[in-house]
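All of the numbers you see were taken from the coordinates with simple rules; none came from a lab. Owing to the predicted nature of the structure, the values given are computational and were not obtained by experimental measurement. Cβ placement follows ideal geometry from the backbone for every residue including glycine, while neighbour counts extend to all protein chains displayed.
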Amino acid sequence: MRRRYTLKRRAESRDATRDRIVRAAIELHAQGPASITAIAARAGVGRVTVYRHFPEEDSLILACTSVVFDERPLPDPDTWAAIDDPAAKMRIALEQLYAYYADMALLLASAEANAAAHPALVGAFAPFDAALERICESLRAAWPVETSPGSLMAGVIGHATAFSTWRSLTTVQGLTPRQATEVMIRLVAATATTAPRAQHGFAEANAE
């Protein structure tokens, strides 16, 4: 029994150390690229300990990304599923999404800047990309126009929901979150007035 207790305590200690390293890396990477030495110092461990838990830098990047997206997920499109008006749904979605981007701006910008040097980030962002696609799907479905992949409307909605769009409007152009949201709603609504009607709409009209 004593041996089991000792092994359990060691496992808990390893997990706690690993968690400190991951959270130290997240905090530092939010400010920009961070060295293993800096991460070790922030976590209160030696470089050897960091490498013992994460032999390759990519494994640390994957662990950090997993923790971030588990604890700070993108807005859930189910929360606005009951809204019938497409513009109203777009407004709620963008308000929530842009607030998320504001909160996560440093981490997302850092990941975007380091993606070329760390290909593992592309795979690590798969859950984020899938969640963002769910948001886009819910918004595309609300408009009675053609929104299949490659359509003009799908492209505009994808543009409106992108982190790079939010960053350009708010950080570069200096718009407030409300102004940025309104600009994108107007763009999507204007596109909807010229986009082809959805095929099922034509079928229903012909049936009548």
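The table below lists the values:
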{"quantity": "Any helices (runs of 4 or more DSSP H) falling wholly within the range 98-175 and containing at least 3 residues that are within 15 Å of Pro77 (Cβ to Cβ), out of contact with any strand residue (DSSP E or B) (no Cβ under 7 Å at 6 or more places or on another chain) and not acidic (Asp, Glu)", "calculated": "126-142, 152-160"}
{"quantity": "Matching residues, the range 62-97, being of a type in the set (A, V, I, L, M, F, W, C), more than 11 Å from the chain's Cα centre (by Cα) and not in a helix (DSSP H, G or I)", "calculated": "Ala81, Ala82, Ile83"}
{"quantity": "Selection count where residues are in contact with a Lys or Arg (Cβ under 9 Å, 6 or more places away or on another chain) and touching a residue at least 60 places away in the same chain (Cβ under 8 Å), scope the range 99-124", "calculated": "3"}
{"quantity": "First in the range 71-84 and under 14 Å from Leu107 (Cα atoms), second anywhere and surrounded by fewer than 13 Cβ atoms within 10 Å (Cβ to Cβ) and not aromatic (Phe, Trp, Tyr), Cβ under 8 Å, 6 or more apart", "calculated": "Arg72/Asp103"}
